[in-house]
Structure formats: structure tokens, C-alpha cells
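What follows is a set of notes on a single structure, which appears directly below.
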Amino acid sequence: MSETSAILAETCNRLFSDLIKSETLRESELGVWPDLVWKKIEENGLLFAMVSESYGGSGVKWIDCFQIIYSSGYYSVPVPLVETIICSWFLSQYNKVPPKGIITFSGGGKPLDLSGSNNSYKVSGVIERVPWGSSANYVLAEAHNSNKQVYVLLDAKTSKNLKDKNIGREPRDSMTFDNVCPTIIVDYSERFMSNSLLVYAALARSVQMAGGASAVLDNCIIYSRDREQFGRPLAKFQAIQQQLAILAAEAAAAKISSQIACRAADLIDVSSGLEFEVAIAKIRAGESARLAASIGHQVHGAIGFTDEYMLHYLTRRLWSWRSEYGSESYWAQRMGKAVITGGADNLWADITARL
Amino acid sequence: MQAFNLDLCELPPGVDILREEVRAFLFETLSSYPKTSRARSWMGFDAEFSSKLGDRGWLGMTWPEPYGKSCSSLERYVVIEELLAFGAPVAAHWIGERQSGPLILRFGSDKQQQKLLPGIASGKSFFCIGMSEPNSGSDLASINTQAKRAKGGWIVNGQKIWTTYAQKCHYMIALVRTSGSIEGRHGGLSQLIIDLRDPDVTVFPIRNMIGDEEFNEVKFDNVFVSDSMLVGEEGNGWQQVIAELAFERSGPDRFLSSYGLMVELIRILYETKDKHAEVAIGRLTAHLFTLRQMSLAVAAVLDEGGQPNIEATVIKDLGVAFEQLIPEIAHDLINVSPNILHGSDYEKSLAYIQQACVSFSLRGGTTEILRSIIAKGLGLR
């Protein structure tokens with residue numbers, strides 16, 4: 001682990017273990033914006049982690065930022081930290097100064113309609129399932145017309161919103177824009193083509209799932225040592241040990257596959273095939289998330305199914321993140337198609353040629 | 001917060017050239033080696049091929065001079081993964097190069113190293129593992145092969161079983177009881193190098209359910225083993241075996257055993273438009289890619305002299321599950337009942353793997369034992 005990674009991991013651990021309590025999660029799921037959490041994150045400079053230094057950020061690489069995103073998954077951080085980090089980075093890659101505040105994205109679905117011409121572009125349309133759309137200051141989305149495809153940063157106050165939530169009860173709002181003038185417009189670049197936000201969003205969710213799966217494991221270890229049945233702790237039963245061993249192996253696989261995708265994001269662009277590594281991470285972490293959630297609940301028994309106990313804050317998020325920005329089968333089909341058409345005898349060469 | 005620590009590993013510069021050399025060598029040497037034989041993976045035995053690998057300097061390459069070339073474990077990794085991905089017949093030298101050699105290098109005497117390592121590195125001297133016994137499978141610490149003190153050495157009595165290719169190997173490194181009793185468990189165990197050509201050693205092949213003769217029963221009837229063939233310290237056998245298992249459990253042989261079938265499956269899916277097939281192949285690829293990176297990460301730890309025993313166990317557990325999933329997916333996607341005499345390459349590969357794969361979660365430690373080791377690593381036991 002690099003020094004930067006170690007510092008970020010330590011910072012996030014200290015910050016989130018202190019800030020995120022069960023009341024924080026409970027209230028935020030009821031719709032209360034956890035202002036203190038956001039302020040502390042901002043104070044610690046996490047939002048601009050990946051923004052280049054010339055734009056006031058820390059210029060952290062994806063492989064180091066992995067620690068922040070992993071930690072946000074581990075602690076179920078109930079604010080769009082990950083979304084803001086990615087959007088700020090994205091804008092700074094275009095040499096745009098990212099605005100202060102909460103920035104979220106639309107990472108998939110139908111692009112907005114682009115109208116007008118140079119200097120007076122307008123966008124209209126609906127973007128769905130936007131994380132914390134109603135709390136955000138800005139939203140980054142794609143907009144198309146017949147001959148131009150761009151990314152636009154929009155003032156979130158200019159939309160009409162329909163509030164909704166995913167299974168994790170994280171806000172996933174529908175935002176309608178009607179002839180709105182974008183704050184920033186950038187053309188596609190070699191680095192960011194159509195659907196780039198989908199790829200980076202899928203990467204982020206993979207890392208979050210790795211963090212969440214690891215948190216479920218830790219909860220299970222603590223609980224199974226504590227809870228006694230038949231006169232001994234659950235941890236002493238082979239049946240429980242075997243299940244937790246499976247969970248531990250899965251958590252390790254999720255972590256490494258999502259780390260590889262982060263390393264790839266530092267070295268290659270969407271246009272040069274980053275989606276290969278991201279697909280692997282989303283598939284592998286998604287499978288781990290499924291097992292982590294089911295083993296986690298099985299080991300915890302009825303208490304894990306109660307509202308009072310913390311486990312469900314993790315497992316409901318794992319189920320949501322699994323399905324967001326491409327399910328396992330969505331990414332598996334894309335990759336499987338490429339592997340099959342690539343030819344049986346080329347698969348090994350392709351795998352070993354990756355970073 | 002972190003049960004295991006596997007840091008991403010980067011292959012050292014220059015391995016691409018090595019990789020190309022291995023590929024060119026395989027293409028040249030094994031171009032007519034049938035696909036159905038490739039499906040046997042590291043169970044394919046060919047002494048001549050092993051000797052050719054030795055000539056190229058690709059056996060024991062991590063060992064210090066004069067036995068090896070002091071290469072990094074990652075360079076060796078590149079060589080062995082290329083051999084496995086091709087399905088080359090590596091069984092003859094596999095155990096010796098993978099674990100017996102490293103064991104002798106780490107715990108063995110100078111004399112043992114001088115006597116035995118050159119043979120392994122040249123692909124001419126073959127080793128087998130002497131762990132399981134008729135009454136000691138998963139419960140390895142209960143072994144009861146006895147080595148009694150004699151003048152200048154030991155007299156060994158007992159038997160080993162499930163010993164892969166003992167009938168074709170020259171040496172066994174046997175875990176034996178040099179003091180104490182079965183009740184003493186881990187204490188009193190030692191490792192002896194036994195020359196299988198000794199007339200007091202008898203080897204009986206055991207036919208397996210596929211009809212192959214790979215594993216054996218090995219009997220010791222008052223076999224004299226000289227003091228010079230004791231590996232490491234007397235009574236330290238258990239610790240040495242544990243160290244040996246990190247080499248045994250983390251390599252690419254723990255997830256590539258069914259790769260030959262995966263390749264044949266992708267080949268016949270070539271023109272498919274079936275969504276389920278694409279999804280299934282995508283998932284398998286994700287597993288393969290991830291396992292390889294995990295296994296490389298362990299190789300990097302081994303390279304730095306670490307003992308990633310738990311991490312190695314995780315890789316074998318996940319790797320075997322992947323190897324066993326491949327025939328299942330094949331069965332799901334292709335509607336054919338494999339014929340074993342005149343079937344296609346795909347059919348014969350499937351037929352072999354379908355049967356062989358049940359042994360993958362037994363050899364090198366059953367899945368249940370592996371998981372109990374992982375649970376111990378988690379602090380549950």
C-alpha cells in the first residue's frame with residue numbers, strides 16, 4: 001500500500017467511525033440531510049481528492065482514492081461523497097474548475113436533449129435514479145443532439161424533481177430539465193466518450209461493495225463470537241466457520257478485483273478498454289455482495305432482520321449497488337460477447353496482456 | 001477491518017519477452033499435442049518434456065546459483081502459467097519444482113541441496129508428496145508411519161496413500177513420526193527424503209474412477225533412511241509441512257485445471273448469439289482474471305519471504321470452485337452428452353473434466369479443511 005493510500009485509509013477510518021452512527025443512518029434514510037457528515041468530509045479535503053492540484057485538489061490517483069470509496073462503502077456513508085469526488089475529477093480532467101458543493105451524476109440511461117448552438121446551448125429531458133439529486137447543487141450528465149454529444153454540468157436548482165429511493169434508502173431522484181442553460185459544457189474527448197460516466201460509476205459501486213462486504217464480514221465475526229447457543233459462541237460451530245470462510249474469500253476477491261479496476265483507471269481511458277477491468281470488478285464484487293448479504297443475514301439470525309440492528313444498512317446497500325450501473329449479467333454479457341468473438345485461442349493472450 | 005492483506009502486484013519489466021519465449025517453445029515442442037491431452041492439465045506426465053524444460057532453464061529458476069538463476073517468483077509465475085494455460089504435460093517435474101525443491105532449499109542441508117536440486121532443475125529427478133495415509137486424510141497430524149532410530153539413520157515402517165505418480169517418481173518427501181505417538185499430534189513429526197528405488201519400498205498404483213493410474217499406495221517395510229536424508233530438524237516436520245503448503249495452494253495450478261475445457265467451450269460458442277452463453281462466459285472470465293491477480297499477489301508475498309498461508313488457502317478455495325464451475329456451465333450451455341471414444345475435442349475434454357473435477361476439491365486439502373484454516377485466520381477458532 002502506498003503512503004497516500006495508508007493516510008487516506010487512516011483518515012477515513014477515523015472520520016467515519018466517529019461520525020456515522022446508527023442514528024445518522026436512520027435519520028438520513030428518513031430524508032434528513034446529514035449536514036455535519038458533509039461538512040466534516042469537506043473540511044478533510046476528501047471531495048477534491050482526485051482534482052488536480054492546480055485546481056485546488058490533492059491530485060490523488062484512483063488507486064489511492066480507492067481507500068476513500070472503500071471506506072465509504074464500509075461505513076455506509078449517507079452522502080454523495082463518491083459522486084462528488086468523481087464529478088470534480090471529471091471536470092478537472094477537462095481543465096474546468098469544479099464548483100464547490102454537492103455534485104452528483106447521471107451515470108446511464110437516456111441522454112438529455114441538446115438544443116441551440118454555440119454559446120447558447122440548452123438542455124431538456126429527464127434523468128432518472130440520480131443519487132441525491134434533490135440535495136445536490138450540481139448534476140453532471142450527457143446531452144446529445146443529432147450532431148453533437150457533450151457532457152453538461154447543470155445547476156440542480158433548475159430541475160423539477162421526483163424523489164425516490166433505492167433499496168438502501170439512498171435518494172435516487174428523477175430530475176426534469178426544461179430548456180436549461182448548462183453551467184459547463186464539454187465535448188467528448190478521447191478520455192471520456194459516450195457512457196464514460198456509466199463506467200466510472202460502475203467502478204465506484206464495485207469498490208463500495210468491496211467495502212460493504214468487508215464490513216458485513218467484520219460484523220459477523222463480532223456477532224458470532226458474542227452470541228451463544230447450545231452453551232457456546234456461534235463462532236465455535238463448524239457450520240458457522242465454513243460460512244464465514246466463504247464470506248472472507250469473497251470479500252478478498254471483491255477487494256482485489258475493484259483495486260485492479262482502479263489501477264486500470266489511472267493508466268487507461270474508456271476509449272482504450274477500461275471497461276474490461278470495470279466489468280470484471282462489477283461482476284466479481286456484485287457476486288460477493290450477494291453472498292455477503294445472504295451469509296451475513298443467515299449468521300445473524302432474526303436479530304439481523306430487525307430495524308434496530310445495524311446489519312441491514314449494509315446489506316440493503318449491497319443489493320442496491322449490485323444492480324446500479326449495470327448488474328453482473330449486464331457487464332458479463334458485454335464482456336462475454338467480446339471474449340467469444342475474440343476467439344478461444346486469444347483469451348489467454350488478452351488476459352495476460354492486461355496491466 | 002482487513003482480514004487478509006493482498007497488495008496488487010505488478011509483473012517485473014522484461015517478463016513479456018520471457019512469456020513470448022515460453023509460448024514459442026510450446027508452439028514448437030507441443031504443436032501436435034492433442035487438445036484432449038491438454039485437458040488433463042498438470043496431470044499430463046511426460047518425462048522427456050520436463051527434461052526439455054530443464055534444458056531451457058525454466059525449472060527451479062527462482063533458486064539461487066548454482067541450482068537456479070535467482071529469478072523472482074513472478075518470473076517463474078509467468079513460465080508456469082503459460083505452461084498451464086497451454087495444457088502442457090508438466091506432471092513429472094511438477095511437485096519437485098513446486099514444493100520439494102523449495103522445501104529442500106529452505107530447510108535441507110547443503111549436502112541434500114547438492115545431491116538433489118540439480119536433478120529437479122534439469123527435469124530428470126521427480127518427487128512426490130508423502131503426506132496422506134490410509135487412516136490419515138484430512139487429519140494429517142494423526143499420521144502413523146514410524147521412523148525408529150537406527151545406527152546412522154532411521155528404519156521406516158508404514159504406508160502412504162493417494163501419492164500422485166509415485167510409480168514414476170524417484171523420491172518421496174515423507175512426513176513420518178520420529179518420536180512420540182499419534183496422541184502427540186503435531187509433535188514428533190519429521191520429514192525424510194526416501195529413495196523410492198529402495199527394494200524395501202513397494203509402490204502399487206491405484207486405478208482411479210476415470211480409469212487412469214495416477215495415484216498410488218506406497219509401503220515401507222523396514223526401509224533404512226540415512227541421517228543425511230532428514231530434512232531440517234527432527235520434530236519440526238509439522239511446521240515445515242505448513243510452509244510447504246503455501247507453495248502448494250496458491251499457484252495458478254489451483255485455478256487453471258479446467259482451463260482447457262473453458263477454451264474448447266468458447267471455441268464452439270464462436271458463432272453464438274445466445275445471451276446466456278455470453279453472460280456465462282463473461283462471468284467465468286471475471287473469475288479467472290480475479291483469481292490470477294490474487295494468486296500473483298500471493299506470489300509477490302512469497303517472493304519477499306513472507307508466509308501467506310491463509311491467503312494461499314483462500315486462493316485454493318476460490319480457485320477450485322471456479323474449476324468445478326466450468327463443466328457445470330458447459331453442461332448448461334451446450335446440449336450434448338459427451339462420447340468418450342469418438343467424441344469431439346470438446347466432448348472428450350468435458351468428459352475428462354466432469355469426472356476429474358471432483359478430485360480438485362480433495363487434493364491439496366479438502367474444501368472443508370481449507371475453510372477451517374481460513375476460519376482460524378479470522379480468529380474464529
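Things to note:
- Inside segment B:350-381, residues that are assigned to a helix (DSSP H, G or I) and within 12 Å of chain A (Cβ to nearest Cβ) make up a count of 11.
- Given (1) farther than 27 Å from A:Cys65 by Cα; (2) within 14 Å of chain B (Cβ to nearest Cβ), index of the condition A:Leu217 fails: (1)
- Sole residue being in a helix (DSSP H, G or I) and within 25 Å of the chain's Cα centre (by Cα), chosen from B:Ala286, B:Ala277: B:Ala286
- With respect to the conditions (1) of a type in the set (Gly, Ala, Ser); (2) away from every other protein chain (no Cβ under 11 Å); (3) touching a residue at least 24 places away in the same chain (Cβ under 8 Å), B:Ala280 falls short on a single one, namely (2).
- Residues (part of a loop (DSSP other than H, G, I, E, B) and modelled with pLDDT of 95 or more) located in segment B:72-97: B:Gly87, B:Ala88, B:Pro89, B:Val90
- From the list A:Val97, A:Val130, the one residue that fits, being surrounded by fewer than 17 Cβ atoms within 10 Å (Cβ to Cβ), hydrophobic (A, V, I, L, M, F, W, C) and in contact (Cβ under 8 Å) with a residue 40 or more places away in the chain, is A:Val97.
- Some residue of segment B:123-134 being in a loop (DSSP other than H, G, I, E, B), among the aromatic types (Phe, Trp, Tyr), crowded, with 23+ Cβ neighbours inside 10 Å and in contact (Cβ under 8 Å) with a residue 24 or more places away in the chain: yes
- Filter pass, B:Ser32 being of a type in the set (Ser, Thr, Tyr), away from chain A (no Cβ under 13 Å) and not in a helix (DSSP H, G or I): yes
- Residues within segment A:103-117 that are more than 18 Å from A:Val180 (Cβ to Cβ) and either surrounded by fewer than 24 Cβ atoms within 10 Å (Cβ to Cβ) or among the basic types (Lys, Arg) (or both), tallied: 1
- Members of segment B:301-336 that are of a type in the set (S, T, N, Q) and within 21 Å of the chain's Cα centre (by Cα): B:Gln307, B:Asn309, B:Thr313, B:Gln324
- Hey, B:Glu347 more than 19 Å from B:Val241 (Cβ to Cβ) and at pLDDT 95 or above or not: yes
- A count restricted to segment B:322-349 and to residues that are without any contact (Cβ under 8 Å) to a residue 12 or more places away in the chain and assigned to a helix (DSSP H, G or I) stands at 2.
- Test: residue in segment A:221-228 that is buried (at least 19 other Cβ atoms within 10 Å of the Cβ), at the interface with chain B (Cβ under 9 Å from one of its Cβ atoms) and at pLDDT 95 or above: yes
- Helices (runs of 4 or more DSSP H) wholly inside segment A:304-355 that include at least 3 residues being facing chain B (nearest Cβ under 7 Å) and small (Gly, Ala, Ser): A:328-342
- Flag if B:Lys316 is basic (Lys, Arg) and either touching a strand residue (DSSP E or B) at 6+ places or on another chain (Cβ under 7 Å) or part of a loop (DSSP other than H, G, I, E, B) (or both): no
Residues are listed down the side, and each one gets a yes or a no for (1) charged (D, E, K, R); (2) in the same structural domain as A:Ala215 (by TED's automatic domain parsing); (3) surrounded by 21 or more Cβ atoms within 10 Å (Cβ to Cβ); (4) under 18 Å from A:Ala254 (Cβ atoms):
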site	(1), (2), (3), (4)
A:Gln298	no, yes, no, no
A:Glu308	yes, yes, no, no
A:Ser323	no, yes, no, yes
A:Gly326	no, yes, yes, yes
A:Gln333	no, yes, yes, no
A:Thr341	no, yes, no, no
A:Trp348	no, yes, no, no
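- When B:Glu323, B:Glu347 are checked against the criterion of being crowded, with 23+ Cβ neighbours inside 10 Å and more than 13 Å from chain A (Cβ to nearest Cβ), a single residue qualifies: B:Glu323.
- Test result for B:Lys148, of a type outside the set (Asp, Glu) and assigned to a strand (DSSP E or B): yes
The values are calculated or read from the model by the stated rules, or taken from the named source; none is laboratory data. Here the structure is a predicted model, which is why all the values come from computation and not from measurement. Because the Cβ atoms are built from the backbone with ideal geometry, glycine has one as well, and the counts that use them run over all protein chains shown.
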